[in-house]
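The structure appears below as structure tokens.
The values are calculated or read from the model by the stated rules, or taken from the named source; none is laboratory data. Everything numeric in this text was worked out from a predicted model, so none of it was measured. Here Cβ is always computed from backbone atoms with ideal geometry, including for glycine, and neighbour counts include all displayed protein chains. These area figures cover heavy atoms from the full protein model, side chains too; ligands, DNA and RNA do not enter into them. Shrake-Rupley method; radii C 1.70, N 1.55, O 1.52, S 1.80 Å.
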Amino acid sequence: MPIRAYPLTLMFASLLSGAVRAETRPLTFERDVRPILKAHCVMCHGEEEKPKGGVDLRLRRFMDKELEGGDHVLVAGKPEDSEMIQLIRDGEMPKKGKKVTGAELAILESWIAQGAKTAKPEPESLPPGPVLTEEDREFWSFKPIVKPQVPALENAARVRTPIDAFLLAKLRARGLDFAPDADKRTLLRRVTLDLTGLLPTPEESDAFLADTAPNAYEKVVDRLLASPAYGERWARHWLDAAGYADSNGYSEADSTRPDAWRYRDYVIRSLNADKPWTDFITEQLAGDELAGATHFVTQQAVLDPQKRDELIATAFLRMAPDGTGDPIDDLNLARNQVVAEEIKVVSSSLLGLTVGCAQCHDHRYDPIRQTDYYRMRAIFEPAFDWQQWRSPVRRLYSLYTPEERAKADEIEKQALVIDAEAKAMDKKFLDEIFEKKILTLPEVEREPYRAARATAEKDRTPEQKALIKKYPSALALYALTLYDPVLFKKVTDKQAEATKLRATKPAEGMIMALTEVKGRVPETHLFHRGDHDQPKQAVTPGVLSVLATPESEPFKPEAVPSGSSGRRLAFAHWLTNGKHPLVARVLANRFWMNHFGRGLVNTPGDFGALGERPELPELLDWLASAFMEGGWKLKPFQRLMVLSTAYRQSSRSDASLKADPDNRFYGRFKLQRLDAEALRDSMLAAAGTLNRTLFGEPVGIARDPLGRIVVGKEQLNANRDVMKVVSLGKDDTRRSIYVQVLRRRPVTVLETFDEPTMSPNCEERNSSTVAPQSLMLMNDDFVIETSRTLAARLREEAPGDARGQITKAWRILFSRAPSENDLLRSLAYLAEQTENVRVNEQGIPKAKDAPLPDPQLDALASYCQILYSSNRFLYVE
């Protein structure tokens, strides 16, 4: 066979990358080649019922096939004679998707040159479709969790917990050690922000410094874990994974979800109560089945506090974008997109897998079949029946008790009587006016006009319509206000009585929940290329094939007396049975990431082939095992982490920074910037204005005249333009977790500091350092006003004492007093800035009733703004 010319462009690119270097290590089909073919080729050449070109690349021995014209797919030992290599070199294959990289091509060539070997004998034949191999099951994240032995170390003085032993063993193998312990002030600020999202107060700092007991730090940790602020802080982490939002997203309308906040409060309560995550997960996936509720039978469940919470928990499965209640072009597409997005939320948050990639075809990199995807979809489809869809408003359930319902019905009955009186009054006044107006018409036309008025508009003859058009002012049928404002006010006053009476009804809260319709279990079909208009074979519910061992029992829905399918309850119990290889690993890794700034697996939503491998797999499995052995409770698990030397060490270590710049082995504490919510909340707390009220409806947001999204209520003019944003009073300063989350209108101060957009959820937050952050800290009204409030607090607590004000500011914001040099520089700034403000204000005309200038307060506010903008405030050491 003639050797084809190697395209110059590909050759040049390969030479530049060094990819043409041959692999010298022994290569096998299973380990080295099959993943490349699976990613680029097998979709067309193997997984289809009729492989294209008759070429099946799923097994090595299938490649010995001779093609038309005498060429061979593969010639062992001769890559230059192998047609597959030539086609890849020429860029002819693959025809779709990403091209084979130079490095991948080098592996294929080297493997063929080495004889195209396999690691073991292959089967004689394969059924159509994807292949699940032993190598797939042996991938690290699919293997069972086995608790490893804690390393035994010599000189273990720095080992406070088993975590330290694992880390220290790795560090010492690289000639490293832990950094020294952080000082007490730094540690207190770190752990307080970490567990509560708020700064420690000066009083808390003083108490910790004064406590010389060996367990002083442990007492601080226990106090913080018991704080109501703990649940608010750690709920935010889970709400990211769940994709929490107070709006439906999907379409431009981005309609609101007025009742989503109950799920947010459920999460806060659950974490504060340290609810076991076995229960926490099960309630969110199948709380309706636990509560014995279906779509038409929810009232009894709603009246029971525990069952009500279980129903509220199912809003986890309602968090994905859902535009099916908004005007949209393709309703069926939107319905199926809701289901797809919910599966993404479940799989990324609990399984750490990109299951959604198998919606249209078998997963290109992970052993997840398309049939697996639709088997998982079948678990949820009884609640998400896309052909008999229930829009968001039809998935709300009233919180009324029978007594409240009866009272509301009685009030409504009385109000309807008043409405009828107002309507009769309106008609009587209009009739009286008409009787006067008709006298102005020619006598011959009066009776025909009277008859035309008495006839319904749709039934009027052309002659009657013409007559009314001839004398429109005499009609007196609709708008009393045009004839007699005094009489109109009498009618509106009567209508207001009904409105006032209706306002006395008990408030009707609603639950946003997921339920099934009793007895309705739709058949799930695999969609060709993910297209709901091209259904193929029916599939039954089941779990991912790669996780089903030969010893596993087939997926079996649980018996649920309510008439629900029991599929989600069985799925939840399978996830939390303690034998699942992924759930505990994924959760332990996520908790670790939120404490240490990076995960042991640094792709928390992807434990598959494209995700990062764990640098410390033994530690991850030990943590997952410890979490399960501790009853799946988070607080003891967190206590274990924050009491470790690894957590307590300083963020400064030249040796660790040089040898391990990414801190993969935790030889120092990772310096972390405050996240968006902790930044805003800590600014408010420092100013003394933070409203710590727990729970409740979201705090409204508005677009101000400059286009920023802020807390407040819009005041519009006649053209619907925003004139100003009206304060919501004390709600303005509530914690950020209670601020309304609209997908298309993120709050500016939070978005600037990387609050995520839920599309559909957030697996890991960014932590950027960009110019808009500095600009916001210099110019934003929230920052300026909060700085002024902090200045007023400082002046009130240390009146006439500039040194005392500066020291107080540092202790509030940084948990430490300023050095003498910092103090002198700060005093110089205040003096200079006070004089600048005084001089500048002399030339500015003042309104008669304007408050007197206060240059000292303005200068102090400017100083507070500088402190808020400093790295010392913005970062956690």
Report, ordered by the first and then the second residue, all pairs with beta carbons closer than 8 Å, sequence separation of six or more or different chains, a first member in the stretch 525-548 that is at negative phi, and a second member that is charged (D, E, K, R) and assigned to a strand (DSSP E or B).
525/536; 526/536; 527/536; 528/536
Name the helices (runs of 4 or more DSSP H) wholly inside the stretch 804-876 in which the number of residues that are among the acidic types (Asp, Glu) is 3 or more.
820-842
Which one of these is under 26 Å from residue 135 (Cα atoms) and either modelled with pLDDT of 80 or more or part of a loop (DSSP other than H, G, I, E, B) (or both): 80, 49, 92?
49
Some residue of the stretch 778-786 being surrounded by 19 or more Cβ atoms within 10 Å (Cβ to Cβ), closer than 26 Å to residue 859 by Cα, in contact (Cβ under 8 Å) with a residue 24 or more places away in the chain and β-branched (Val, Ile, Thr)
yes
Over 28 Å from residue 186 (Cβ atoms), modelled with pLDDT under 95, open to solvent by 20 Å² or more (accessible area, probe 1.4 Å) and not in a strand (DSSP E or B), is that true of residue 769?
no
Right, residue 786: of a type in the set (S, T, N, Q) and within 30 Å of residue 810 (Cβ to Cβ) or not?
yes
Here is a check on your reading of the model: is residue 812 among the aliphatic types (A, V, I, L, M), closer than 27 Å to residue 191 by Cβ and touching a residue at least 40 places away in the same chain (Cβ under 8 Å)?
yes
Here are some residues: 408, 424, 454. Which one is exposed (fewer than 12 other Cβ atoms within 10 Å of the Cβ) and among the small types (Gly, Ala, Ser)?
454
Residue ID - nearest to residue 795 (Cα to Cα), chosen from residues in the stretch 661-690 that are charged (D, E, K, R) and in contact with a Lys or Arg (Cβ under 7 Å, 6 or more places away or on another chain):
681
Just need a number here: residues in the stretch 709-744 that are charged (D, E, K, R) and under 25 Å from residue 198 (Cα atoms).
5
Would you confirm, using the coordinates I've provided, whether residue 240 is open to solvent by less than 40 Å² (accessible area, probe 1.4 Å) and farther than 22 Å from residue 812 by Cβ?
yes
Residues that are touching a Gly at 6+ places or on another chain (Cβ under 9 Å), open to solvent by 20 Å² or more (accessible area, probe 1.4 Å) and assigned to a helix (DSSP H, G or I): does the stretch 287-307 have at least one?
yes
The residue that is nearest to the chain's Cα centre (by Cα), considering only those in the stretch 203-221 that are touching a residue at least 40 places away in the same chain (Cβ under 8 Å) and either surrounded by 15 or more Cβ atoms within 10 Å (Cβ to Cβ) or within 22 Å of residue 812 (Cα to Cα) (or both), is 221
Considering each of 84, 63, 43 in turn, give the residue that is more than 21 Å from residue 119 (Cβ to Cβ) and either open to solvent by less than 30 Å² (accessible area, probe 1.4 Å) or not hydroxyl-bearing (Ser, Thr, Tyr) (or both).
43
Looking at the stretch 681-688, is at least one residue under 23 Å from the mean Cα position of the chain (by Cα) and at pLDDT 95 or above?
yes
Could you tell me which numbered condition residue 622 fails, if it satisfies all but one of (1) outside any loop (DSSP other than H, G, I, E, B); (2) surrounded by fewer than 19 Cβ atoms within 10 Å (Cβ to Cβ)?
(2)
Options 317, 333, 350: the member that is open to solvent by 10 Å² or more (accessible area, probe 1.4 Å), of a type outside the set (Ser, Thr, Tyr) and in a helix (DSSP H, G or I)
333
Within the stretch 77-106, work out how many residues are of a type outside the set (S, T, N, Q) and under 39 Å from the mean Cα position of the chain (by Cα).
12
Just give me the residues in the stretch 608-631 being touching a residue at least 24 places away in the same chain (Cβ under 8 Å) and farther than 15 Å from residue 145 by Cα, in sequence order.
608, 609, 610, 611, 613, 615, 631
Boolean, residue 468 is part of a helix (DSSP H, G or I), modelled with pLDDT under 95 and surrounded by 15 or more Cβ atoms within 10 Å (Cβ to Cβ)
yes
Please return the ranges of helices (runs of 4 or more DSSP H) entirely within the stretch 95-202 where 1 or more residues are in contact with a Ser or Thr (Cβ under 6 Å, 6 or more places away or on another chain) and open to solvent by 30 Å² or more (accessible area, probe 1.4 Å).
184-196
Are any of the residues in the stretch 735-758 in a strand (DSSP E or B) and without any contact (Cβ under 8 Å) to a residue 60 or more places away in the chain?
yes
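Conditions (1) out of contact with any strand residue (DSSP E or B) (no Cβ under 9 Å at 6 or more places or on another chain); (2) crowded, with 21+ Cβ neighbours inside 10 Å; (3) farther than 21 Å from residue 300 by Cα; (4) without any contact (Cβ under 8 Å) to a residue 24 or more places away in the chain, marked per residue:
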{"position": "362", "(1), (2), (3), (4)": "yes, yes, yes, no"}
{"position": "369", "(1), (2), (3), (4)": "yes, yes, yes, no"}
{"position": "373", "(1), (2), (3), (4)": "no, yes, yes, no"}
{"position": "389", "(1), (2), (3), (4)": "yes, no, yes, no"}
{"position": "394", "(1), (2), (3), (4)": "yes, no, no, yes"}
{"position": "398", "(1), (2), (3), (4)": "no, no, no, no"}
Of the conditions (1) out of contact with any strand residue (DSSP E or B) (no Cβ under 9 Å at 6 or more places or on another chain); (2) open to solvent by 50 Å² or more (accessible area, probe 1.4 Å); (3) not aromatic (Phe, Trp, Tyr), residue 790 satisfies every one except a single condition; which number is it?
(2)
All strands (runs of 3 or more DSSP E) inside the stretch 477-589 with 2 or more residues being open to solvent by 70 Å² or more (accessible area, probe 1.4 Å) and closer than 21 Å to residue 372 by Cβ
535-539
What is the one condition in (1) in contact (Cβ under 8 Å) with a residue 40 or more places away in the chain; (2) open to solvent by 20 Å² or more (accessible area, probe 1.4 Å); (3) over 31 Å from the mean Cα position of the chain (by Cα) that residue 654 does not satisfy?
(1)
Go through (1) within 30 Å of the chain's Cα centre (by Cα); (2) small (Gly, Ala, Ser); (3) open to solvent by 20 Å² or more (accessible area, probe 1.4 Å) for residue 802 and report which single condition fails.
(1)
